[in-house]
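What follows is a single structure, written as structure tokens, with notes after it.
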Amino acid sequence: MLKQFFIICSGSDTDILNQCSKGEQNKYAGIGATVFFTALMAFIAASFALYTVFDNLYTSIFFGLIWGLLIFNLDRYIVSTIKKTGHVVAEIIQASPRIILAVIIAIVISKPLELKIFEKEINQVLLEQKNELTLANKNQIAEQFNPNIENLNKDITSLQQQIATKEAEVNALYDTYIAEAEGTAGTKLLGKGPVYTEKRDKHDALLLELQQLKEANNSKITAIELQIQTLENDYKTQVTSTQPIINNFDGLMARVNALNKLPWLPSFFIFLLFLAIETSPIFAKLLSPKGAYDYKLEDEETALKTNVSQNKHQREAMLKTDFALNDRIYKDLEQEDELYAYKRTKARELMQLQADAFYKQQKNIL
């Protein structure tokens, strides 16, 4: 049962192969087994690759099964269309397009399995890339908010500088009128005289301006700090909202790119393994000697080809003969007076009918 199934997988003619020896049947059963297990690995590889895309087990298995059946059909077609002719060069030329197709299939099959085999190493590369993307994302978002925050901080510094300047002026006037009262500066007269009163009034007026300036600037500073706080909150919100996109940076393309960053030699050996598996049915058929199955198949094909050629030649000969007979028959009929008189009568009747119809049409018009 299993042997018969593998023979069907090889794409060979089971009716012809049943007439061959057991060894010939085993050879094609081995080729069919290789085709089957290659398709099975294609199904596993495609299911895993699609799982990284859809993140759904049943969907991945469904489309993976379709892909496995497609690869099975292609491999079966490739093997079944290689004919043993006994000429090595002709067989290699015949198989070269199929070998190229087998190489492409091997690449497609091996890549998803490489992603699974080197999953831990790929995850490490993806983690480093995610960290880099996170830092780059924060820097890019910060470039949108930092200029505004810096300008607002400059405004706060300017308002605080105004208060500091005014305080310095107030303190200078305070020192001036105290020194006047002590007699250490100004008029150098001890006591609170008119000059002291004048300087004290200037200090008090400037102190009132300082208090008003502090109230106004502090309210402005509070409003600016609220704006800065709002911008910082917006920055944190945008960073938080974009982080899931970076966290989900582990799709199929990202994993393939991460795999390309790993050393190429292990991946290359895995590709060679699948290439050997994929091309093994082709080379097995090319390297095997021409067997009983090949002779029987060639006998049936040549017999059919000969029969078709004979039928085609006979039909051409019959058609040529029929043309010649028709030419002779019509040439003989051309000389018969009875046929001439008959056709003359019919032509006369036809012309009379045409004349009557034309007369009626003209009469209706008038």
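The values are calculated or read from the model by the stated rules, or taken from the named source; none is laboratory data. In this text, all values refer to a predicted model and were calculated from it rather than measured experimentally. Reconstructed Cβ throughout: ideal geometry from the backbone, glycine too, with neighbour counts over all protein chains shown.
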Residue list for the range 295-325, restricted to those being over 19 Å from residue 15 (Cα atoms) and of a type in the set (Val, Ile, Thr): 306, 308, 321
Where residue 323 falls short, out of the listed (1) outside the structural domain of residue 9 (by TED's automatic domain parsing); (2) among the aromatic types (Phe, Trp, Tyr); (3) in contact (Cβ under 8 Å) with a residue 40 or more places away in the chain: (3)
Where residue 23 falls short, out of the listed (1) of a type outside the set (Phe, Trp, Tyr); (2) within 27 Å of residue 288 (Cα to Cα); (3) at pLDDT 80 or above: (3)
Matching residues in the range 67-99 - criterion: being loosely packed, with under 13 Cβ neighbours inside 10 Å and of a type in the set (A, V, I, L, M): 88, 89, 90, 92, 93
Complete set of residues in the range 342-366 that are at pLDDT below 80 and among the aliphatic types (A, V, I, L, M): 365, 366
Candidate set from the range 39-66 (those that are modelled with pLDDT of 80 or more and polar (S, T, N, Q)); member that is surrounded by the fewest Cβ atoms within 10 Å (Cβ to Cβ): 56
In the range 28-50, the residues that are in contact with a Gly (Cβ under 7 Å, 6 or more places away or on another chain) and among the aliphatic types (A, V, I, L, M): 39, 40, 42, 46, 50
Where residue 296 falls short, out of the listed (1) over 25 Å from residue 113 (Cα atoms); (2) of a type in the set (D, E, K, R); (3) surrounded by fewer than 17 Cβ atoms within 10 Å (Cβ to Cβ): (3)
Positions within the range 240-253 being surrounded by fewer than 15 Cβ atoms within 10 Å (Cβ to Cβ), in contact (Cβ under 8 Å) with a residue 24 or more places away in the chain and in a helix (DSSP H, G or I), in sequence order: 247
Close pairs from the range 210-227: first more than 15 Å from residue 165 (Cα to Cα), partner modelled with pLDDT under 90 and surrounded by 13 or more Cβ atoms within 10 Å (Cβ to Cβ), Cβ under 6 Å, at least 6 apart: 220/159; 221/156; 221/159; 224/152; 224/155; 224/156; 227/152
